[in-house]
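Worksheet for the structure shown next.
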Amino acid sequence: MQESQHGVELRGVSRIYTRGGEGVKVFDDVDLSVNAGAFCALMGPSGSGKSTLLNLVGGLDRPDSGDVVVGDTFLSDLSESALAEWRSENVGFVFQGFNLVPVLTAFENVELPLLLTGLSKAERKEHAMHALELVDMGDRAKHRPGQLSGGQEQRVAIARAIASDPGVILADEPTGDLDFESACQVLDLMGRLHTELGKTILMVTHDPRAAERAERVIHLDKGRISESSEGTESADDGFREVKPREGEGA
Amino acid sequence: MVPFKLIWRNLLRHKLRVLLTAGSLTVAFFLLCVLQALVVSLDQGVKNASKKRLVVQSAVSLFVNLPASYQGKIETIEGVEESMKMTWFGGYYREPANMFAQFAIDADRMERIYSSVELVEGSWEEFKSSRMSCLVGKETAKKYGWSVGDRVPIVGMIYPRLDGSEWQFDIAGIYDASQEASIDDLTMYFHWEYLDEAMEAGAAGGADGIGVYSVLLSDGYSQAGVGALIDGLFENGPQRVQSTPEGEFNAQFVSMVGNVPFFVGTIGMGVLIAILLATLNTMLMSGREQTRDVGVLKALGFDGSAAFWLLLTQSLLLCGVGAGTGILLALGVEGPLQALLGSNFPGLRISSDVLAPAVLLAVAVALFAGLAPALRARRLTVIEALREEA
């Protein structure tokens, strides 16, 4: 697995949802920059826009204005199908509710994103098993999600997220549905993804103990971003230069 | 493209529900095939009937006999090559439950008028040589274990023997009428003279005369033209006649029980609509249950068309298995169906005329039931899909 070359930048991003006929601003002209290989925790009250931010960075949602740039890619330039292809190569998702496909085994779940690569069956097997072994779930490869504990399911979900070796891992409350011990195991794993594999990680969490594992904590409230007191990076020193769009000035 | 095992396992997610839906499809397509086979059989009775034969019957009713003297007069008409008496005998073998069709005919003429009928046992000469001889269709011979040389007792209901005894017939031939659209393999043909002489001698009761005449036309003459001449000949006679092309006669004969194609078509349509709604319901439920999976797949990088085919392929598989089993079942019971209904529906077969529409209907049901959930899956965004409760 390779170290991430993917920094994340939000430039003047606004996102407005329409609820009950009225527009609700989630973000209004927000800027954010995260270095490649950084481990950031996103904290804030419910409705503050944490998940929306993850969705924008993961290409699951589009801003009403502004740019989301991951690595060298301006996501707003991509069509839906190009965005799907980009996701398969660059982003791994870890969800609060694990979201494993219940009819597939752990191995088959981890193999899913690899089906979109050009790997042969043998190569897919090798990659999937490697990912499962990284999360210490190699011996549960043939188990279905219903036969696993919550912690084990989340570890399989992490294996699925890293199977295709994406640069960015987006985790939406990955410990939210877990007991303390399982949550610690998952956070250990997230830490290893950061320290050993150099992945860029954005993790939404409500749990301050989980946030402590990150090197930078970003607080969101009412569509505004405030930096963490605990983080080792600041908004300024975390800035990474992003290539301008074609036709834009440098 | 999503892996086949994901499609298949999602289809079997609720085994009982899938089993019940597939079972309903099986029953429905079995029925549709059988009903379609009945309609096709009727159509083919008309289409494949000889263009060279007419059936002459009483203009009053099929149940009113014509004078025997009409045969000679019919044969004087230009365009008539030959004619054959055919009188419905209405008997059974030993027990009333063993009823099958018997006709008293001109034994020496049948070979020429129904030249497609082939004897698989015995010979025409043997049949013609003795008045007690008869020909039996191969299915009836098989059913009762008869073979050439057997003497079979038949109880006459329309023409009973007055001493209460049974009629005796010697089997001189067993025929195969698979190349003859107007004759099935279930009937017995015997000498009209045998019947006539018994009645003349006072040994048997029943109505005098001839049920119908089967008339063979000479080459180059039309059924309508010769039919009009025959009808005109007896216009002012003691018994007016009605000449009908053989195919039309076959269709009318079956339609005496009602408008069979309409009746059968209505039942078929009802069955089809019911199974359409049942399959749609199953696929809609299935689509709802897989909403999260669709969200996950899209988040991982699968596009909308993968989600679309995930659902549509399940519908195609469900209908393929269910309808396919029904179609195979229908093919499997073709023989028993012919034995059961062949006398009223000659040429009853699960042919390509039945199979092709059945396969097309199965695909149509699959598309109808699968398109709505498949289109929804394609349209759903990841966020919407993952938000939805499983």
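General observations
- Here the relative contact order of segment B:138-243, from alpha carbon pairs under 8 Å that lie six or more residues apart, stands at 22 percent.
- Within the straight-line cut-off of under 18 Å between alpha carbons, the aspartates and glutamates reachable from B:LYS143 are B:GLU95, B:GLU121, B:ASP170, B:ASP176, B:ASP184, B:ASP185, B:GLU334, sequence neighbours fewer than 8 places apart in one chain being disregarded.
- Average other protein chain Cβ within 10 Å of Cβ, residues B:3-16: 2
- Helical runs assigned H by DSSP (4 residues or longer) give chain B a calculated mean residue ellipticity at 222 nm of -17000 deg cm²/dmol, each run adding -39500 (n - 2.57) before division by the residue total.
- Cα gyration tensor category, rounded, prolate or oblate, for segment A:52-185 with a/c compared to 1.5: oblate
- Chain A: C-alpha gyration tensor shape, a/c 1.5 cut-off, then a/b vs b/c: prolate
- Mean separation of Cα contacts under 8 Å, 6 or more apart, over the residue count of chain A: relative contact order %: 29
- At least 18 Å along the helix axis (C-alpha) and Kyte average at least 0.5, DSSP helices within chain B: B:15-47, B:260-289, B:304-332, B:352-379
- Inter-label distance for B:SER130 and B:SER178, nm, one decimal - labels placed 7 Å from Cα along Cα-to-Cβ: 2.9
- Where only DSSP H runs of four or more residues are counted, chain A gives -9000 deg cm²/dmol as its mean residue ellipticity at 222 nm, each run worth -39500 (n - 2.57).
- Taken over the Cα atoms of the protein assembly as shown, the convex hull encloses 236 Å³ per residue.
- Counts of other chain beta carbons within 10 angstrom of each beta carbon in peptide A:98-108 average 5.
- Residue exposure sequence - A:ASP188, B:ASP231 - by fewest surrounding Cβ within 10 Å: A:ASP188, B:ASP231
- Highest-MSF residue in chain B out of B:PHE100, B:PHE29, B:PHE302 [GNM, Cα springs under 10 Å]: B:PHE302
- Between B:PHE63 and B:ASP163, full extension at 0.36 nm per residue minus the direct alpha carbon distance yields a gain of 33.5 nm.
- Ranking of B:LEU233, A:LEU53 by count of other Cβ atoms within 10 Å, fewest first: B:LEU233, A:LEU53
- Put in order of Cβ neighbour count within 10 Å, fewest first, the listed residues B:THR279, B:THR266 become B:THR266, B:THR279.
- Among A:SER51, A:SER79, A:SER182: highest mean-square fluctuation, GNM of chain A, C-alpha pairs under 10 Å: A:SER79
- Computed FRET value (nearest 0.05) for B:ALA364 with B:ALA201, which takes r as the C-beta separation and R₀ as 51 Å: 0.20
- Of A:LYS25/A:LYS50; B:LYS47/B:LYS142; B:LYS85/B:LYS128, pairs whose Cα-Cα distance is over 25 Å: B:LYS47/B:LYS142
- By the rule of a C-alpha distance below 22 Å, with chain neighbours fewer than 8 residues away ignored, the lysines paired with A:LYS142 are A:LYS121, A:LYS125, B:LYS5, B:LYS15.
- Cα-based helix-to-principal-axis angle, A:150-163 vs chain A, degrees rounded to 10: 70
- Pairs of alpha carbons in chain B whose separation is greater than 25 Å (percent): 65
- Global geometry of segment B:65-238, whether rounded, prolate or oblate, following the gyration tensor of its Cα atoms and the 1.5 cut on a/c: oblate
- Around the amide H of A:SER65, modelled in the peptide plane, lie the amide H atoms of A:SER14, all under 5 Å away and 5 or more residues distant in sequence or on another chain.
Every number here is computed from the coordinates shown, using simple stated rules; none is lab data. These figures come from a predicted structure and were not determined experimentally. Methodologically, a virtual Cβ is constructed for each residue, glycine included, from the backbone with ideal geometry; neighbour enumeration extends over all protein chains shown.
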